[in-house]
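Student: Sharing a structure with you now.
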């Protein structure tokens, strides 16, 4: 238990007309919870209390962060019956992540979709997929109105079709973060748009604001088989979510901040997916942007995605 | 045509012009140009296939080799010298080989056959157009003789899959890891299950 919870809570001076009903209720709850912790209660109660009075993720001191992560690790480890690691890796200075996807090579095999599900602990039931692969007519070009995400062929690519996987575009000018009423989602310094699942109130404004359909809501309690849970998790990324919060692609924040490629890059059988540092002139992502024909999805909306579709052939 | 659009933008660079003009002789003549791309390459290792900047003594140049996955040999087929000896009689007239019947050559088969890439005297090696022997782990140098722009894109990380670290050591796949050298067109795959429709989610 960190010091700040046991310390006397700052109570505002009562206004002349006395406390309002709401203020009294909040203070009462605080007092109750504080009493519970000082009386020596279970670890689960402590975590529940901490979750209730938690500070915003970006306001946590290193000490508080450590406690918070340790609490979560304990909770998930008990829940899934194995040792789960939760880290909060900071962004690497001088790095701005960018992603490129070759539309002329993608064959629509959906290996990325399921690789992502396993890596990022998406709910198997109800089903959540961070990546949607759209099938469109080559003749027609990119026309999202006639795109089919539910194609089911014997083999892909189907004749005359091309495929466009869509996930979070990690916009430099993200509409989703602007509409969040509680600042539960924001853009990190390395360009990754993240969500704090413990701060999200589930209002789904961000889902309405995202023009790419990249955000997904946990309508039901997410279910991940215990043996399939990826125990290497990140606070702002692939740690298990709860019902009633929004989630989306984080560029595999738990991998890329350690220098690894995202999972979808590693599982793509045709090498259509490219990832790197936009600020590094030697990176493959810069080579692609400088030398290939790049297509930006819904460029006219000025969201400035850091996800670049391109034609390698 | 699409290639041309990309290449025009690159025309100003020496590297782009070199490769366009001499794509076929890239491996022989373009070694120094490949040096420009060394940043894409990992640290030099002691064990395993050589990579990094190494001296090609036959051509008296330095070539840049890449950390690649092992060549995708069929089980038990390598080393080829298990069956082929250096003193075997060699029929250099293109003909159908009885033993390797599982290989269907569908790769400019009207103009090419086995010994255009495989070396008749040292079967454990491949040879470039000028006769220099190379290991199977360097087969991209062979492929790049005809597919120059593709080799350039592969070196830059645009063509082909890379795994490992975006910031550090990464592994490249050989051309042959994805494209069978005897029939290089990418084979269709069975797609994974489509997502559930919204009305099916309970």
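We did not get these values from a lab; they are worked out from the coordinates using the rules stated. From a predicted model like this one, the values you see are computed outputs, not experimental measurements. Ideal geometry is used to build each Cβ from the backbone, glycine not excepted, and the neighbour counts take in all protein chains shown.
Student: Starting from the Cα-Cα distance between residue A:77 and residue A:138, subtract it from 0.36 nm times their residue separation and give me the gain in nm to one decimal. Don't skip to the end; give the middle numbers.
Tutor: Values: separation 61, 0.36 × 61 = 21.96 nm, distance 4.77 nm.
Residue separation times 0.36 nm, minus the Cα-Cα distance, leaves 17.2 nm.
Student: As I understand it, the value is the acute angle between the Cα axis of helix A:62-80 and the longest principal axis of the Cα atoms of chain A; what does it come to in degrees, rounded to 10?
Tutor: 70
Student: Taking the simple approach of a point 7 Å from Cα along Cα-to-Cβ for both residue A:302 and residue B:146, what is their distance in nm?
Tutor: Distance between label points: 5.1 nm.
Student: Right, next: Using 7 Å Cα-to-Cβ label points, what is the residue B:77/residue A:209 separation (nm, one decimal)?
Tutor: 5.6
Student: Further, regarding this structure: Rounded, prolate or oblate: which one fits the stretch A:83-155, using the alpha carbon gyration tensor with axes a ≥ b ≥ c (rounded when a/c is under 1.5, else prolate when a/b beats b/c, else oblate)?
Tutor: It comes out oblate by the Cα gyration axes.
Student: Sort A:223, A:246 so the one with the fewest other Cβ atoms within 10 Å of its own Cβ comes first. Write down the numbers at each step before the final one.
Tutor: Details: A:223 10, A:246 24.
Least to most surrounded, the residues fall as A:223, A:246.
Student: Taking only C-alpha pairs under 8 Å that are 6+ residues apart, what is the relative contact order of the stretch A:237-276 in percent?
Tutor: This gives 27 percent for the stretch A:237-276.
Student: Kindly put A:185, A:303, B:137 in sequence by how many other C-beta atoms sit within 10 Å of each C-beta, fewest to most.
Tutor: Fewest-to-most Cβ neighbours within 10 Å comes out as B:137, A:303, A:185.
Student: Let me know the shape class of the stretch A:40-95, please: from the alpha-carbon gyration tensor, a ≥ b ≥ c as square roots of the eigenvalues, rounded when a/c is under 1.5, otherwise prolate if a/b is greater than b/c, or oblate. Write down the numbers at each step before the final one.
Tutor: Values: a/c = 3.09, a/b = 1.40, b/c = 2.21.
Because a/c hits 1.5 or more and a/b fails to exceed b/c, the stretch A:40-95 counts as oblate.
Student: Share of antiparallel DSSP beta bridges in chain A, in percent to the nearest 5?
Tutor: So the antiparallel bridges in chain A amount to around 75 percent.
Student: With just the Cα atoms defining each centre, how far is the stretch A:50-112 from the stretch A:240-257? Give it in Å.
Tutor: A separation of 6 Å, based on Cα centres.
Student: Percent relative contact order of chain A, based on C-alpha pairs within less than 8 angstrom and at least six residues apart?
Tutor: 23
Student: Between residue B:110 and residue A:70, what is the label-point separation in nm under the 7 Å Cα-to-beta-carbon projection?
Tutor: Spacing of the two 7 Å Cα→Cβ label points: 7.4 nm.
Student: Moving on. Relative to the first principal axis of the alpha-carbon coordinates of chain A, what is the inclination of helix A:21-38, with its axis defined by its Cα atoms, in degrees from 0 to 90 and to the nearest 10?
Tutor: The helix A:21-38 is inclined about 80 degrees to chain A.
Student: Between the stretch A:117-146 and the stretch B:75-111, how far is it from one alpha carbon centroid to the other, in angstrom?
Tutor: Going from one Cα centre to the other spans 44 Å.
Student: If you line up the long axis of helix A:43-53 against the longest principal axis of chain A, both from Cα atoms, how many degrees apart are they, to the nearest 10?
Tutor: Around 80 degrees separate the two axes.
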